[in-house]
Amino acid sequence: MSSIELRINGKDVRRSVEDHQLLVSFLREDLGLTGTHVGCDTSQCGACVVSVDGATVKSCTMLAVQAHGCSVATIEGVSQTTSLHAVQEAFQRHHALQCGYCTAGLVITAIDLIERVGSQLTRDQVAHALKGNLCRCTGYQNIINAILDAAGHLDVAAQAAE
Ligand code: FES
Ligand code: FES
């Protein structure tokens, strides 16, 4: 067992974990953050994507002990208010989900992409960024539309805040 301290969705967390425990299992089973999903166990589907120190990570490929000292953001923390995050609202507006199993990973991936590229984001860039996120339901077009829409909205919000 190892003792780890990390920040999750803005809150300090201290726990003992098995050295072989995956980050995704720590989030889901130890902390009850079940919005992060496990879709494959082979590092392909992206349902488990979270943000670790500002970079997207498939949490089934990282040990919980490796997150010691890190700041982790999961889908539960993307909005600090009772409202949805702009990317979540765009997914709703564009019908960018059906079963929703992939959605948390896609939203975390999209937020990271938008924060890095902003409103200059192109359709090709979004498609490329989603290569690690599998969706078996939607065909991706509405997901890409939602992310492009959110990129515009987020940029407008950022400008208004300046
Ligand atoms: Fe992590 Fe599929 S569960 S990539
Ligand atoms: Fe069902 Fe993406 S909405 S897997």
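Would you check if there is a residue in region 15-38 being within 24 Å of I147 (Cα to Cα) and in a helix (DSSP H, G or I)? Taking every residue of region 15-38 in turn, none turns out to be within 24 Å of I147 (Cα to Cα) and in a helix (DSSP H, G or I).
Please pick out the residue among L113, L121, L63, L97 that is within 16 Å of ligand 1 (Cβ to nearest atom) and not β-branched (V, I, T). L63 is the lone residue from the list that is within 16 Å of ligand 1 (Cβ to nearest atom) and not β-branched (V, I, T).
Note on region 88-110: residues that are hydrophobic (A, V, I, L, M, F, W, C), in a helix (DSSP H, G or I) and open to solvent by 20 Å² or more (accessible area, probe 1.4 Å) total 0.
Taking D30 as the residue in question, decide whether it is charged (D, E, K, R), loosely packed, with under 13 Cβ neighbours inside 10 Å and either more than 15 Å from ligand 1 (Cβ to nearest atom) or more than 16 Å from L134 (Cβ to Cβ) (or both). It is false that D30 is charged (D, E, K, R), loosely packed, with under 13 Cβ neighbours inside 10 Å and either more than 15 Å from ligand 1 (Cβ to nearest atom) or more than 16 Å from L134 (Cβ to Cβ) (or both).
Could you tell me whether any residue of region 33-50 is away from ligand 1 (no atom under 14 Å from the Cβ), open to solvent by 40 Å² or more (accessible area, probe 1.4 Å) and not hydrophobic (A, V, I, L, M, F, W, C)? Within region 33-50 (the criterion being away from ligand 1 (no atom under 14 Å from the Cβ), open to solvent by 40 Å² or more (accessible area, probe 1.4 Å) and not hydrophobic (A, V, I, L, M, F, W, C)), the answer is no, since none of the residues qualifies.
Of the listed requirements (1) more than 16 Å from ligand 2 (Cβ to nearest atom); (2) open to solvent by less than 40 Å² (accessible area, probe 1.4 Å); (3) of a type in the set (V, I, T), T56 misses just one: (2). Can you confirm whether region 60-74 contains a residue that is farther than 30 Å from H20 by Cα, away from ligand 2 (no atom under 16 Å from the Cβ), under 16 Å from the mean Cα position of the chain (by Cα) and crowded, with 16+ Cβ neighbours inside 10 Å? No, the conditions are met nowhere in region 60-74.
The values are calculated or read from the model by the stated rules, or taken from the named source; none is laboratory data. Since this is a predicted model, take the numbers as computed values, not measurements. Neighbour counts are summed over all protein chains in view; Cβ atoms, including those assigned to glycine, are modelled from backbone coordinates with ideal geometry. Just so you know, the surface numbers come from the protein's heavy atoms only, side chains and all, with ligands and any DNA or RNA stripped out. Shrake-Rupley method; radii C 1.70, N 1.55, O 1.52, S 1.80 Å.
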